[in-house]
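Worksheet for the structure shown next.
The values are calculated or read from the model by the stated rules, or taken from the named source; none is laboratory data. Since the model is a prediction, treat every value here as computed from it, not as a measurement. Side chains included, ligands, DNA and RNA excluded: accessible areas come from the protein's heavy atoms. Shrake-Rupley method; radii C 1.70, N 1.55, O 1.52, S 1.80 Å.
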Amino acid sequence: MKINRSRLKSLRTDKLWSQEQLAEAAGLSLRTIQRVESSGKTSMDSLAAIAAALETDKALLLEAELEFKAYRHTQYAYLMWVVSFSFLSIYLANLQRTTMASHFIVAGVMFILVVLFFSLSIRVSEDRINWHFGPRFWKKELPIAEIDSCEVVRNNVLLGWGIRMLSDGWMYNVSGLLAVEIRLKSGSAIRLGSDEPNYLKEAIDGAIALHNSRAA
């Protein structure tokens with residue numbers, strides 16, 4: 001049978017016990033305790049011994065442990081590419097009206113912007129959210145412990161794309177209007193643009209639930 005590993009570890013640490021001390025109190029070997037905490041697998045006899053040592057009910061240790069599936073997704077700024085290259089095409093078509101210096105300046109700026117903001121990658125793990133633009137530009141991370149909640153929102157079209165300061169936080173977006181707004185315990189907010197906001201929200205909610213269960 002499988003037990004809730006995080007709950008077992010939490011009950012053990014609440015007593016300020018090491019794995020060796022739990023093994024001694026339960027009359028089991030240290031190797032057994034290490035195996036139970038790492039795999040969650042145990043026998044009925046071992047479960048009864050551990051529950052008795054921790055002075056808790058066996059049912060509490062058998063509560064299902066939340067399963068978390070890591071999330072990773074990259075959204076590409078196709079519309080930004082189209083707009084940028086269309087602008088450059090029109091500009092180059094009228095190149096004779098400009099100086100060579102201005103040509104290099106405009107082309108260089110557009111190229112840099114397209115390279116830096118051609119995509120937004122977001123990764124949600126058990127303990128943090130990481131995101132960055134293009135070739136790992138403007139890398140950011142946020143511990144799950146600092147998050148209060150999140151919801152799917154629709155950005156105002158005037159906010160545009162890129163990095164924007166909001167009245168209560170920051171927005172990161174490369175395409176579209178949909179985003180997930182993450183409310184922090186500090187009261188500020190972070191908006192991450194996404195073309196699959198529901199999946200992103202589900203992953204963040206799962207990470208929050210897992211963090212809360214381990215902290216309980």
Table column - 3J(HN,Hα) (Hz), the stretch 120-136, Karplus curve with 6.51, -1.76, 1.60, x for Gly and Pro: 10, 9, 10, 10, 10, 10, 4, 10, 6, 10, 10, 8, 7, 8, x, x, 6
All lysines inside 24 Å of LYS69 as judged from Cα atoms, apart from same-chain residues fewer than 8 positions distant: LYS2, LYS9, LYS41, LYS139, LYS140, LYS185, LYS201
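Starting from the Cα-Cα distance between TYR78 and GLU55, subtract it from 0.36 nm times their residue separation and give me the gain in nm to one decimal.
In short, 2.4 nm is gained.
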Extended-chain gain in nm, criterion 0.36 nm per residue less alpha-carbon gap, VAL153 and LYS140: 2.6 nm
Compactness of the stretch 136-205, expressed as Rg and Dmax over alpha-carbon positions, Å: 11.4, 32
Largest-first ordering by accessible area, 1.4 Å probe, given options PHE117, PHE137: PHE137, PHE117
